[in-house]
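Colleague: Structure below; questions to follow.
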Amino acid sequence: MRINIQAIKKRPYEKTKMLLDSEAGPNFLEIDTCSMAGPISLELNIEFTGRSYYADGVVSSTVLMQCSRCLKDFVLPISGQLSLNIVESEFLKEFSDADDVVPVVNDEADLTRPVYEALLIALPVAATCQPDCKGLCPTCGRDLNTEACQCVKETIDPRWEKLAQLSARRNTDGST
């Protein structure tokens, strides 16, 4: 995702709003658990400060993910914040490695890496197809969103069995 900054250079200390849409391949995020499902949209405000360009904005897209509860595929809209410096190559040494810096080459800045990072950070750790997804039955594996199962859910964790026996004994003989 490249932007041409030639027109912005002619208007120092003036904010310029850019709207960009770009198609990304399904493996843009390089993650096995999700793939890109739509174009990437970038809304960017850029200001030329004399030696560098300060850019901030929002990047958004949709991804195809697998629900962490019921394992069905679903499309999830995501968006992330973007904040960086775009710097002419002769001024690169003025910035530290810790700064988010994108170099300008032939009046163009390649924003692919910052866009990738913003979308990656926007991904949820455990995505669900809907907030109230019931998931799968741990015993029979049925999707509890579509059908109820007849499994007996009265299993006691063996680590707590002795405590259950103690409680049962207490209730039968009335001791405390």
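The values are calculated or read from the model by the stated rules, or taken from the named source; none is laboratory data. These numbers come from a predicted model, not from an experiment. A quick note on method: Cβ atoms are made from the backbone with ideal geometry, for glycine too, and the neighbour counts reach across all protein chains shown. To get the accessible areas, we keep the full protein, side chains included, count just its heavy atoms, and leave off ligands, DNA and RNA. Shrake-Rupley method; radii C 1.70, N 1.55, O 1.52, S 1.80 Å.
Colleague: If you check GLU90 against the conditions, is it charged (D, E, K, R) and either free of Cβ contacts under 8 Å to residues at least 24 places away in the same chain or open to solvent by 60 Å² or more (accessible area, probe 1.4 Å) (or both)?
Modeller: Considered against the rule, which asks whether it is charged (D, E, K, R) and either free of Cβ contacts under 8 Å to residues at least 24 places away in the same chain or open to solvent by 60 Å² or more (accessible area, probe 1.4 Å) (or both), GLU90 comes out as yes.
Colleague: Which of the residues spanning the range 149-170 are open to solvent by 90 Å² or more (accessible area, probe 1.4 Å) and in a loop (DSSP other than H, G, I, E, B)?
Modeller: Listed by number, the residues that qualify are GLN150, VAL152, LYS153, GLU154, THR155, ILE156.
Colleague: I would also like to ask the following. In the range 93-111, what residues are open to solvent by 60 Å² or more (accessible area, probe 1.4 Å), closer than 27 Å to SER22 by Cα and of a type in the set (A, V, I, L, M, F, W, C)?
Modeller: Of everything in the range 93-111, just one residue is open to solvent by 60 Å² or more (accessible area, probe 1.4 Å), closer than 27 Å to SER22 by Cα and of a type in the set (A, V, I, L, M, F, W, C), namely VAL105.
Colleague: So the check is Cβ under 6 Å with 6+ separation or different chains; which pairs have a first residue in the range 70-82 that's over 19 Å from LEU44 (Cα atoms) and a second one that's open to solvent by 90 Å² or more (accessible area, probe 1.4 Å) and not hydroxyl-bearing (Ser, Thr, Tyr)?
Modeller: Taking only residues 6 or more apart or on different chains, the pairs are ASP73/GLN66.
Colleague: Something else about it: Here is a list: VAL152, VAL125, VAL104. Which entry is in contact with a Phe, Trp or Tyr (Cβ under 9 Å, 6 or more places away or on another chain) and aliphatic (A, V, I, L, M)?
Modeller: Selected residue: VAL104, the only one of VAL152, VAL125, VAL104 that is in contact with a Phe, Trp or Tyr (Cβ under 9 Å, 6 or more places away or on another chain) and aliphatic (A, V, I, L, M).
Colleague: Something else now. Quick one: count up the residues across the range 112-148 that are without any contact (Cβ under 8 Å) to a residue 60 or more places away in the chain, in a loop (DSSP other than H, G, I, E, B) and open to solvent by less than 70 Å² (accessible area, probe 1.4 Å).
Modeller: 5
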